[in-house]
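See below for the structure under consideration.
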Amino acid sequence: MSRRAFQLVTALNVFLLSLIVVSGGVVRLSGSGLGCPTWPQCGDGSFTPHSEYALHGAIEFGNRLVGLVVGAVVLITPLMALRLRGGRRRDLTRLSFGLWLGYLGQAVLGGITVLTKLHPATVAAHFLLSMVLLWNAVVLDRRARQGAGQVTPAVAPALLWLARLLVVVSAGVLVLGTVVTGTGPHSGDSEHPARFGFDIVNVSQLHADGAMLLTGLVAAMAFAVRVTAAPAAARRESLVLVAVVVAQAGLGFAQYFLGIPSVLVALHMTGATVMWVVALRLWLAMVTRPALTADAATAATTAAPATPIPGTETPAAGVPTSDAPAPDATPTPGAPALPAPAAVPLALGAPRP
Ligand code: HEM
């Protein structure tokens, strides 16, 4: 399996896992959550919607179809990671299997959400698990474009901490957002919504306060990456994040004062998903790893024939150059075992994003 094909699939994972958050949101906001009253079937004994469930059934069914496509892509990702040309990499394999785990969790949680008649706690958990799954997918996508091995900060420590703080505060704003939703009319079942018993004004205020804190941090980050020698990717992502967060906050206020119309809420949810992906990408842009070409060279070395051709043996094994075997690169079966100790302390001692 070529690296390029694998990278395409990792990017597709990020896109599709974002898409399903939006399509799932449309299901809830259009009141189609129980459009298919049973799960995994849509009505008694059928996997497709009956005419009696009409539009809601079609929307819910469409969401399940998106879920199937996502499932297919998630399913093939670890299989591709195991068959990567030039040797498999443990980090990519683990992250790929993480997608399986998350997808399975989402399938179970989706079923529980239907069984609990869209209780807000399960609806919120469903959304938040999607964010965890997206985290996994974004990290996998980034790693698939880098070589294995040592992580090096590409910015000053303070900036790296600011990026981490941004991710934490973003996650907090997402959690508070689901609390606001669970307290309001869009909590789940459109006809008889169960709700968290909080005061809607108070939780909205708290959520908006978190968003304001986030806006300040993002502005600080955009400024800091400009005045320091930060990587171009970090500058780019920080600008995108400023735009997304400002638009998102504007949408938040607009929907609050306009009585939370479904269309704006759907846009707000989409914005939240995009913001999360960009915040993660910004954080990942703050550190570097060896270039993929170095890694490919390593893999080629690792995949050398078990019996070296006379006269072609090289002292590469054990030479701690940038092409040295990465600690998390699994040698191709049958290849000579390359000593990893030279690389291991580097990886253990290296700061992680
Ligand atoms: C970066 C800024 C923001 C982010 C990332 C964000 C994120 C979210 C998320 C994830 C939800 C839950 C979506 C769902 O489960 O349907 C939500 C709901 C909500 N947010 Fe925000 N939000 C932001 C800013 C704001 C602001 C400034 C306000 C202003 C009051 C606001 C008002 C609301 C309201 C009213 C809801 C409930 C909508 C509903 O009934 O479903 N948000 N937000």
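Read-outs throughout are calculated quantities, based only on the coordinates presented, and are distinct from any laboratory measurement. All values reported here derive from a predicted model rather than from experimental measurement. Here Cβ is always computed from backbone atoms with ideal geometry, including for glycine, and neighbour counts include all displayed protein chains.
Before moving on, here are some points about what is shown:
- For the stretch 209-232 versus the stretch 132-178, the inter-centroid distance based on Cα atoms is 14 Å.
- For the stretch 60-200: relative contact order, % (alpha-carbon pairs under 8 angstrom, 6 or more apart): 24
- Summing Lys and Arg as +1 and Asp and Glu as -1 over all other residues whose Cβ lies under 14 Å from the Cβ of ALA232 gives a net charge of +3.
- The stretch 202-287: translational diffusion in µm²/s, Stokes-Einstein, Kirkwood Rh over Cα pairs, 37 °C, 0.692 mPa s: 243
- Compared with the alpha-carbon gap, the fully stretched path from THR152 to ALA229 is longer by 26.3 nm at 0.36 nm per residue.
- For GLY149, nonlocal amide neighbours, meaning residues 5 or more places apart or on other chains whose placed amide H falls under 5 Å from its own, are ASP328.
- Filtered trypsin sites (Lys or Arg not before Pro), the stretch 81-117: DSSP coil and at most 13 other beta carbons within 10 Å: ARG83
- Sequence-distant residues sharing a close amide H with THR288 (under 5 Å, placed H): THR152, ALA154
- The Cβ shell under 14 Å around VAL278 holds other residues with a net charge of +2, Lys and Arg each +1, Asp and Glu each -1.
- Overall form of the stretch 89-169: oblate. Here a/c, set by the Cα gyration tensor axes a ≥ b ≥ c, is 1.5 or more, and a/b is not larger than b/c.
- Label sites at ALA243 and ALA219, each approximated as a point 7 angstrom past Cα along Cα to Cβ, lie 1.9 nm apart.
- Averaging Cα coordinates gives a centre for the stretch 1-34 and one for the stretch 53-124; these two points are 9 Å apart.
- Neighbours of VAL242, meaning other residues whose beta-carbon lies under 14 angstrom from its beta-carbon, give a summed charge of +3 when Lys and Arg score +1 and Asp and Glu score -1.
- Extension gain, VAL168 to LEU19: 0.36 nm times the residue separation minus the Cα-Cα distance gives 51.4 nm.
- Derived scalar couplings between HN and Hα for the stretch 61-70 equal 5, x, 5, 5, 5, 4, x, 5, 4, 4 Hz in order, rounded to whole Hz, by the Karplus curve 6.51 cos²θ - 1.76 cosθ + 1.60 (θ = phi - 60°), x for Gly and Pro.
- Residues whose amide H comes within less than 5 Å of that of ARG89, counting only those at least five positions distant or on another chain, are THR330 (H built at 1.01 Å from N in the peptide plane).
- Alpha-carbon Rg/Rh ratio, for the stretch 105-226, with Rh computed the Kirkwood way: 1.08
- Taking 7 Å steps out from each Cα toward its Cβ at VAL263 and VAL175 produces label points 3.4 nm apart.
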